[in-house]
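What follows is one structure encoded as structure tokens, with my remarks underneath.
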Amino acid sequence: MWSWSYAWELVPVFLDALTVTLAATVCGFALAVAVGLLLAGLTRSPLKAVRYPAVAVVDFVRSTPLLVQLLFLYYSLPMITPFAMSAFLTGVLGLGLHYGTYLSEVFRSAVDALPKGQWEASRALNLSRARTWMSIVLPQAIPPVLPIMGNYLIVVFKETPTLSAITLMELLMTAKNETSASFRAFEPYTVAGALFLAVSLLMSVLFRRLESRLNLQGGKR
Amino acid sequence: MNAIEESNKLSEHSECSAESGGETENERRKLSDTAPGAAAEPASEPIVRYSKVTKRFGELEVIKGIDLTLNAGEKLALIGPSGSGKTTLGRMLMTLERPSGGVITVDGEPLWHRRDRKGRMAPANEKHLRRMREKIGMVFQHFNLFPHLTVLGNVTLAPVTVLKLGKEEARARAVDMLRKVGLESKLDAYPSQLSGGQKQRVAIARALVMQPKVVVFDEVTSALDPELVGEVLEVIREIAAEGETAMMLITHEMDFAREIADRVVFGAEGRIVEEGPPEELFGSPKSERLRAFLNRFL
């Protein structure tokens with residue numbers, strides 16, 4: 001049955017794994033936001049030569065499983081190109097690309113929801129394209145989708161066990177290793193699950209704070 | 001109704017054939033039409049010139065070949081029934097709509113075209129458009145203020161980021177402008193905290209702080225509650241009196257057009273039906289179409 005002393009022993013090992021998991025989550029999510037914004041911008045381009053490839057990337061990445069993408073990036077890519085990446089880097093890239101395409105749709109619909117007059121006023125004031133996005137479009141498009149972004153952060157975090165397939169020592173991989181060493185499954189998987197629960201709850205609290213703060217800054221609309 | 005339209009077509013037609021006689025004759029006519037008001041400078045090249053401009057939206061032709069000039073500092077009122085293409089004319093000048101045909105020049109330079117190496121007119125690139133837009137401003141029917149910025153933020157954004165003024169200088173200019181429109185006490189308010197009339201006055205300050213040579217006022221009082229129209233017109237009146245900025249006033253406010261315009265253009269169905277000084281146009285309208293239109297405002 002449950003052994004508190006064994007569970008306690010696991011804590012330092014799992015804290016190391018948690019650090020790796022969080023690092024992959026934060027880096028992966030940051031990349032996903034960047035990729036999402038970039039793709040959202042590109043899919044709105046007036047140039048077909050820009051728009052079509054961007055739409056193709058979104059469709060392609062969304063239509064294949066993250067696990068398959070990770071395995072391809074980690075095992076196959078080095079065989080056909082000179083690029084070989086560490087498990088961590090591959091994981092971050094995979095998470096970033098995969099969830100970037102999902103976030104791009106969130107950003108795109110948020111940007112589409114902006115009244116046309118905002119773009120026209122920006123043009124009438126002769127703002128550059130970049131300035132229009134940075135000062136007018138994003139500050140209005142992002143705050144309403146913060147709750148959805150918060151959801152995706154938690155999804156990315158909970159998806160990190162997939163990275164165990166490419167040998168990254170994250171929480172699940174650590175639990176597996178502990179189980180095969182001690183022949184005890186109860187404590188390692190329970191501790192891993194508890195850590196996922198605790199961090200996910202913490203993330204949603206933090207995102208809710210950020211949301212209310214940004215909404216306050218955005219003026220009393 | 002049919003008979004009226006028929007006679008209009010005839011009068012439009014005869015006007016067109018008279019105009020196509022020659023550029024120089026056309027120009028002379030335009031210049032002599034200009035009221036000899038203090039603001040108009042007949043000697044200089046017009047600040048805006050539309051030549052044979054057309055605009056189609058799919059199958060629908062909303063502008064059917066317009067020739068129109070606007071002199072430096074001149075106040076031009078565009079009146080006409082809705083659907084006549086007035087707003088499209090202003091939006092093409094603000095580079096919000098690309099003309100389907102013809103040429104618009106601003107300050108002597110083609111707005112939507114540039115000369116390529118062989119000297120032919122080619123579509124302008126964004127760089128050219130950005131340079132040309134420095135001379136043009138616009139105030140919209142629905143204000144289009146930036147809701148996430150304060151009043152001061154709305155008015156200083158373009159001076160800081162486009163004109164590259166220092167923060168202090170931009171602020172000084174903006175405060176100056178906001179004082180002119182009577183809103184120096186609202187610098188830190190957000191648009192949602194303002195009335196419609198106040199919002200539109202901020203929008204006017206935001207356009208004028210860029211010191212454009214011509215400003216399009218696109219039905220700027222149409223979205224306002226009746227009791228708020230006066231304060232906005234008063235602000236435009238004061239700015240018009242300063243005289244430096246040419247104005248294209250797209251409006252349904254006939255009394256206002258008569259009062260401040262140097263010249264009035266009446267358009268219908270994508271063509272100019274009649275143009276001239278306000279006392280002439282409102283006092284003794286020549287076309288049946290204009291008479292019918294004005295009757296509805298009496």
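Values in this text are rule-based calculations from the coordinates and carry no lab data. These figures come from a predicted structure and were not determined experimentally. FYI the Cβ positions are ideal-geometry reconstructions off the backbone, even for glycines, and counts take in every protein chain you see.
Computed from phi, the 3J(HN,Hα) profile of the range B:177-184 under the Karplus parametrisation 6.51, -1.76, 1.60 (θ = phi - 60°) reads 5, 5, 5, 4, 8, x, 10, 5 Hz, with x in place of Gly and Pro. A cut-off of 5 Å between modelled amide H atoms, ignoring neighbours fewer than 5 places along the same chain, links residue B:124 with B:113, B:114. Among A:23, A:185, A:165, the largest mean-square fluctuation in a Gaussian network model of chain A, built with springs joining Cα atoms closer than 10 Å, belongs to A:185. By the count of other C-beta atoms within 10 Å, a proxy for reagent exposure, B:165, A:15, A:125 are ordered fewest to most as A:15, B:165, A:125. Determine, at each q value in 0.12, 0.14, 0.19 (inverse angstroms), the log₁₀ of I(q)/I(0) that the Debye formula gives when each Cα of the range A:4-217 is one equal point scatterer. Scattering profile of the range A:4-217, log10 relative to I(0): -0.74, -0.93, -1.33.
Using Cβ counts within 10 Å as a stand-in for footprinting exposure, how do A:189, B:50 rank, fewest first? Kindly include the intermediate steps, with their values, before the conclusion.
Details: A:189 16, B:50 23.
If I rank by nearby Cβ atoms, fewest first, I get A:189, B:50.
Given q = 0.07, 0.10, 0.13 Å⁻¹, what are the Debye log10 I(q)/I(0) values for the protein assembly as shown, with equal point scatterers placed on the Cα positions and solvent ignored? For the protein assembly as shown at q = 0.07, 0.10, 0.13 Å⁻¹, log10 I(q)/I(0) is -0.55, -0.87, -1.22.
Of the residues A:103, A:130, B:249, the one whose Cα sits farthest towards the positive end of the charge dipole of the protein assembly as shown is A:103 (charges of +1 on Lys and Arg Cβ, -1 on Asp and Glu Cβ, taken about the Cα centre). Computed over the range B:118-160, the Cα gyration tensor eigenvalues convert (square root of 5λ each) into semi-axes of 31, 12, 8 Å, ordered from largest to smallest. Say each of residue A:34 and residue B:222 gets a label point 7 Å from the Cα, pointing the same way as Cα to Cβ; how far apart are those two points in nm? Each label point lies 7 Å from its Cα, and together they span 4.6 nm. Result for chain A in a Gaussian network model with C-alpha springs under 10 Å: among A:209, A:62, A:108, the largest mean-square fluctuation is at A:209.
Which net charge results when you count Lys and Arg as +1 and Asp and Glu as -1 among the other residues whose beta-carbon is under 12 Å from that of residue B:137? Spell out each step's value before the answer.
Numbers: positive: A:123, B:133, B:135, B:206, B:213; negative: B:134, B:218.
Net charge around residue B:137: +3.
Dipole size of the range A:4-217 about its Cα centre, with +1 on Lys/Arg Cβ and -1 on Asp/Glu Cβ: approximately 920 debye, rounded to the nearest 20. For the range A:4-217, the relative contact order comes to 29 percent (Cα pairs under 8 Å, sequence separation of at least 6). Each peptide among A:47-59, B:266-278 gets the average number of other Cβ atoms lying within 10 Å of its residues, and from highest to lowest they stand as B:266-278, A:47-59.
To the nearest 20 debye, what is the magnitude of the charge dipole of the protein assembly as shown about its Cα centre, counting +1 on the Cβ of each Lys and Arg and -1 on the Cβ of each Asp and Glu?
On the way: 59 positive and 56 negative charges, 261 e Å.
Roughly 1260 debye for the protein assembly as shown.
Among beta bridges from DSSP that stay inside the protein assembly as shown, the antiparallel ones total about 60%. Using +1 at the C-beta of Lys and Arg and -1 at the C-beta of Asp and Glu, which of A:188, A:201, A:58 has the Cα lying farthest in the positive direction of the dipole of the range A:4-217? After comparing all options, I get A:58.
Size of the dipole of the range B:203-298 about the Cα centre, Lys and Arg at +1 and Asp and Glu at -1 on the beta carbon, nothing else charged, in debye to 20?
Working: 10 positive and 19 negative charges, 81 e Å.
Dipole magnitude for the range B:203-298 comes out near 380 debye.
For residue B:167, the aspartates and glutamates whose Cα comes closer than 17 Å to its Cα, not counting residues fewer than 8 places off in the same chain, are B:176, B:188.
Calculated [222 nm] ellipticity per residue, helices only, for chain A: -25500 deg cm²/dmol; basis is -39500 (n - 2.57) per DSSP H run with n ≥ 4, divided by all residues, nearest 500.
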